[in-house]
Amino acid sequence: MSTVIHDLQINRRNGELVAYYFADGYHQGVATTSAILRAMLGQLLSRESLGKPVSNLRPLLKDLLAAGSHLTMERMSFFLSKIRHELRSHETLYLLLDGLDEVDQSSHEQELVLKLIEHASRYDPNHRIKCFVSSRSSFFGKDSPKGALRVELDAHPLTRADMNLYVQDTLKNAKLVYSPQDVQDLAEQLLNSASGSFLILRLILEANSFSPEENNHKMRRFTARKISDAHSLPDIYRHMLGRINDSNKVAALSMLRWVTYVARPLESDELLDALYKQTGIEVKKE
């Protein structure tokens, strides 16, 4: 999805606007539906720098913020309709949504998100919105909205092929002493457990540590259960945190907070200096 966003932003023509929402925790505390509406409205507000009048948008933003995260179906439809009708006849808003299935949502919020996608995807020649959704096939269930362009991550052949190459390379480096068929069966279980997510796949591989020293035991345990130790992101993170010695957790979590806070790559000297100033813990660079 990031490639699509970058391409649209770089090559967009006059009148094309790009709004995207990725459920990565940036909108902490904001429900998904509200966050998507804010992303759309924010893109329209950005036209101010191009000399476009935005007098109608500021009260709308104020109302949306005042409504908070708990929107009713009627309020969601109201805000979406208002946002749509702020588009001019020569404009097209590309709405790109990613990571929606990585968020634990109530049944009401799930329904709101699906209805928002459905309403946004409806054809309107004068107020055009083109909706792209990247998700697992299980996200929509039987209520798949019409009109939106969808990429099913766990079923798309290119995604699965890329992930399979990654798994095969990892298992090859682990030098497993099993038959090619057994290794292929393990690869299939890893791919199915990851459900089309490279992040989950990588964390599963790291959590299970398929290494030459432990590969026999790890593989037997993995294939016997038909499921990984950590098959969801919360489970994976709990598993990873559990592998950190209690004596190291303060330092590890402090470093993680700094990396998250600065949102850029850090030199090891920078990171260790920040850790020392915050906690008094001194860690050797190596």
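The values are calculated or read from the model by the stated rules, or taken from the named source; none is laboratory data. Owing to the predicted nature of the structure, the values given are computational and were not obtained by experimental measurement. Note that we place each Cβ from the backbone using ideal geometry, even for glycine, and neighbour counts take in every protein chain shown. Accessible surface is based on the protein model in full, side chains and every heavy atom, while ligands, DNA and RNA are left aside. Shrake-Rupley method; radii C 1.70, N 1.55, O 1.52, S 1.80 Å.
Just how much of THR260 is accessible, in Å², when a 1.4 Å probe is used and the result is rounded to the nearest 10?
About 100 Å², rounded to the nearest 10.
Ranked highest first by the average count of other Cβ atoms within 10 Å around their residues, in what order do 103-111, 264-272 fall?
On the way: 103-111: 14.0, 264-272: 11.8.
Sorting 103-111, 264-272 by mean packing, highest first, produces 103-111, 264-272.
Please arrange ARG38, ARG257 by accessible surface area, largest first, computed with a 1.4 Å probe and ligands excluded. If you can, show how the numbers build up before the last one.
Numbers: ARG38 65, ARG257 145 Å².
Output order, biggest surface exposure first: ARG257, ARG38.
Anything over 26 Å Cα to Cα? Flag those among LYS172/LYS285; LYS82/LYS146; LYS82/LYS130, in the order listed. It would help to have the intermediate numbers written out before the result.
Details: LYS172/LYS285 31 Å; LYS82/LYS146 21 Å; LYS82/LYS130 16 Å.
Pairs exceeding 26 Å: LYS172/LYS285.
Among 71-79, 241-249, 10-18, what's the highest-first ranking by average C-beta atoms within 10 angstrom per residue? Write out the running numbers ahead of the final one.
Working: 71-79: 16.1, 241-249: 9.4, 10-18: 12.0.
The packing order, highest mean first, is 71-79, 10-18, 241-249.
Roughly what would the spin-label model give for ASP273 and ARG47, points 7 Å off Cα along C-beta, in nm?
Spacing of the two 7 Å Cα→Cβ label points: 4.6 nm.
Per residue, how much accessible area does segment 62-206 show when a 1.4 Å probe rolls over the protein heavy atoms, in square angstrom?
Working: 7580 Å² over 145 residues.
Heavy-atom accessible area per residue stands at 52 Å².
For a quick check: with amide H placed at 1.01 Å from N, whose amide H comes under 5 Å from CYS131's, ignoring anything fewer than 5 positions away on the same chain?
Placed amide hydrogens put LEU95, LEU149 under 5 Å from CYS131.
Can you divide the C-alpha Rg of segment 165-204 by 2.2 N^0.38 Å and report the result to two decimal places?
On the way: Rg = 9.9 Å, N = 40, 2.2 N^0.38 = 8.9 Å.
Ratio of Cα Rg to 2.2 N^0.38 Å: 1.11.
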